[in-house]
Amino acid sequence: MNIQSAKQALDKVIAKSRVHLYKPIQIAEILYRDRTKGDIDLSDLKTYRNASKKWRDLICLQFLGRTSTSSARYQDDIFNENAIPPLVLAILGEENRKKNGAVEAYIYRKFQERFSQMISGLDYCRNRSVSNFNLTEFLNLFWEEPGLRRSIDKIYEIIVYALFSSLISALEVSIEVSINSDQMDVLEEFGDFTEKVLTLSKDMPSFRLDARINRLGVTNAADRGLDIWTNFGMAIQIKHLSLTEKLAKDIVSSVSADRIVIICKDVEKNVILSLLNQIGWRARIQSVITENDLLLWYEKALRGKFSCVLGEKTLENIQQEIALEFPTTNTEEFDEFFQSRYAGLDKDGIWNG
């Protein structure tokens, strides 16, 4: 393998990474350690496999405010043969030492570029009002930008959450929690349990609370399972890609809620319903909502008769969730970090990008 092939392997990992670039940053920090400390052997995975996660996390906490939540096995996939195995890393390391950190700098330029693209999505929300925010335009910012397309599933979660949360609040939906009056003898026997766990007692056998919808938040896990949950028994799974039989089984079996709502593209609806019928789990699906439904509801929320109640709140929710999901690094702080490591570094041929 030559340096061109090694760079192609690195570029493939960068292209497949979500916005946070956890795995490329881990590679950058391994190369930095090798170049500056020289206390690891890039050909020997055990000298850096576990330690490199800590090196990566220091950078991620500084500029992202979080670290990877993926399983250890998923994180170690970076060293698989189809990613950056020790052989490839050793070639990159030799190149990196020879050119005073050029490979590291290349990775961090890609990181900066990816977050600049995400900022443009957030700026779209900030610079639009209820009168001119267009959901299709907003989604296209992510569909049409290769660096952001890997995170489109999170953007769908955000737009669904933003609208649904606004509607549930505007409708003033509430839930009653109560104990069956026929079971008061059980209540007396387990009064300490009901007070500590259910906050119910003989004197207060019921209470009401506001309905809530919540996103599970940042994750790099595979696209399966629960995306949004509620405190009234409904779970929501966002699907923007084709649903296979295996993935359908994974989704339904991994979500304990009895009422699951799937949100998908219009062309997928009939396929999804047919597939769920085939595997005998249609009864657990409360409804399938399509992208056209979302477009219609957004138009009503932003420019319909109740836009004064829903419009600003929905856009505010989008901005808040993007900032939470994709915390944009402090540009000045990152520039200082970059300059402290790579000031005066000559850009070299293939590492100019």
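Could you tell me which residue of the range 288-326 is surrounded by the most Cβ atoms within 10 Å (Cβ to Cβ), considering only residues that are of a type outside the set (D, E, K, R) and free of Cβ contacts under 8 Å to residues at least 24 places away in the same chain?
Among those that are of a type outside the set (D, E, K, R) and free of Cβ contacts under 8 Å to residues at least 24 places away in the same chain, it is Gly304.
Looking at the range 127-137, is at least one residue under 27 Å from Gly233 (Cα atoms), at pLDDT 90 or above and basic (Lys, Arg)?
Scanning the range 127-137, I find no residue that is under 27 Å from Gly233 (Cα atoms), at pLDDT 90 or above and basic (Lys, Arg), so the answer is no.
Residue-by-condition table, conditions (1) more than 27 Å from Asp153 (Cβ to Cβ); (2) buried (at least 16 other Cβ atoms within 10 Å of the Cβ):
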{"residue": "Ala6", "(1), (2)": "yes, yes"}
{"residue": "Leu21", "(1), (2)": "no, yes"}
{"residue": "Pro24", "(1), (2)": "no, yes"}
{"residue": "Ala51", "(1), (2)": "yes, no"}
{"residue": "Gly65", "(1), (2)": "no, no"}
{"residue": "Ala72", "(1), (2)": "no, no"}
{"residue": "Phe79", "(1), (2)": "no, yes"}
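Tally time: how many residues in the range 98-111 are assigned to a helix (DSSP H, G or I), of a type outside the set (Phe, Trp, Tyr) and either touching an Asp or Glu at 6+ places or on another chain (Cβ under 7 Å) or surrounded by 17 or more Cβ atoms within 10 Å (Cβ to Cβ) (or both)?
Number of matching residues: 6.
For Ile159, only one of the following conditions fails: (1) out of contact with any helix residue (DSSP H, G or I) (no Cβ under 6 Å at 6 or more places or on another chain); (2) surrounded by fewer than 17 Cβ atoms within 10 Å (Cβ to Cβ). What is its number?
(2)
Restricting to the range 249-267, what's the tally of residues that are at pLDDT 75 or above and surrounded by 15 or more Cβ atoms within 10 Å (Cβ to Cβ)?
Looking only at that region, the number is 6.
For the range 124-142, which positions are part of a helix (DSSP H, G or I) and exposed (fewer than 14 other Cβ atoms within 10 Å of the Cβ)?
Arg126, Thr136, Glu137, Asn140
Is it the case that some residue within the range 88-105 is closer than 19 Å to Met1 by Cβ, in contact (Cβ under 8 Å) with a residue 60 or more places away in the chain and under 21 Å from the mean Cα position of the chain (by Cα)?
There is no residue in the range 88-105 that is closer than 19 Å to Met1 by Cβ, in contact (Cβ under 8 Å) with a residue 60 or more places away in the chain and under 21 Å from the mean Cα position of the chain (by Cα).
Does Cys60 satisfy the condition of being touching a residue at least 24 places away in the same chain (Cβ under 8 Å), farther than 30 Å from Leu163 by Cβ and not acidic (Asp, Glu)?
Considered against the rule, which asks whether it is touching a residue at least 24 places away in the same chain (Cβ under 8 Å), farther than 30 Å from Leu163 by Cβ and not acidic (Asp, Glu), Cys60 comes out as yes.
What about Asp34, is it acidic (Asp, Glu) and surrounded by 13 or more Cβ atoms within 10 Å (Cβ to Cβ)?
yes
Test Val13 against the criterion of being β-branched (Val, Ile, Thr) and not in a helix (DSSP H, G or I), and give yes or no.
The answer is no for Val13.
Answer yes or no as to whether Thr47 is hydroxyl-bearing (Ser, Thr, Tyr) and surrounded by 17 or more Cβ atoms within 10 Å (Cβ to Cβ).
For Thr47, the condition - hydroxyl-bearing (Ser, Thr, Tyr) and surrounded by 17 or more Cβ atoms within 10 Å (Cβ to Cβ) - is met.
Looking at the range 50-91, which of its residues are assigned to a loop (DSSP other than H, G, I, E, B) and either touching a helix residue (DSSP H, G or I) at 6+ places or on another chain (Cβ under 7 Å) or within 12 Å of Ile27 (Cβ to Cβ) (or both)?
Arg66, Thr67, Ser68, Ala83, Ile84, Pro85
For the range 81-97, what are the residues that are of a type in the set (S, T, N, Q) and either more than 18 Å from Lys16 (Cβ to Cβ) or surrounded by 18 or more Cβ atoms within 10 Å (Cβ to Cβ) (or both)?
Across the range 81-97, the qualifying residue is only Asn96.
Residues that are modelled with pLDDT under 90, closer than 26 Å to Lys154 by Cα and of a type in the set (Val, Ile, Thr): list the strands (runs of 3 or more DSSP E) wholly contained in the range 168-245 that include at least 3 such residues.
none
Could you tell me which of the residues Ile30, Ile14, Ile91, Ile40 is under 30 Å from Leu141 (Cβ atoms) and β-branched (Val, Ile, Thr)?
So the residue among Ile30, Ile14, Ile91, Ile40 that is under 30 Å from Leu141 (Cβ atoms) and β-branched (Val, Ile, Thr) is Ile14.
Can you name the condition, by its number, that Gly121 falls short on among (1) at pLDDT below 95; (2) over 15 Å from Ile3 (Cα atoms); (3) exposed (fewer than 14 other Cβ atoms within 10 Å of the Cβ)?
Against the list (1) at pLDDT below 95; (2) over 15 Å from Ile3 (Cα atoms); (3) exposed (fewer than 14 other Cβ atoms within 10 Å of the Cβ), Gly121 comes up short only on (3).
Table: residues versus (1) modelled with pLDDT of 85 or more; (2) among the β-branched types (Val, Ile, Thr); (3) within 13 Å of Phe63 (Cα to Cα).
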position: Leu310; (1), (2), (3): yes, no, no
position: Thr314; (1), (2), (3): yes, yes, no
position: Arg341; (1), (2), (3): yes, no, no
position: Leu345; (1), (2), (3): no, no, no
position: Asp348; (1), (2), (3): no, no, no
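Looking at Leu324, Leu302 in this structure, which one is at pLDDT 90 or above and either under 30 Å from Leu61 (Cβ atoms) or under 26 Å from the mean Cα position of the chain (by Cα) (or both)?
Leu302
The values are calculated or read from the model by the stated rules, or taken from the named source; none is laboratory data. Note that the structure is a prediction, hence the values are computed from the model and not measured. Glycine also receives a Cβ, built like all others from the backbone with ideal geometry; neighbour counts cover every protein chain displayed.
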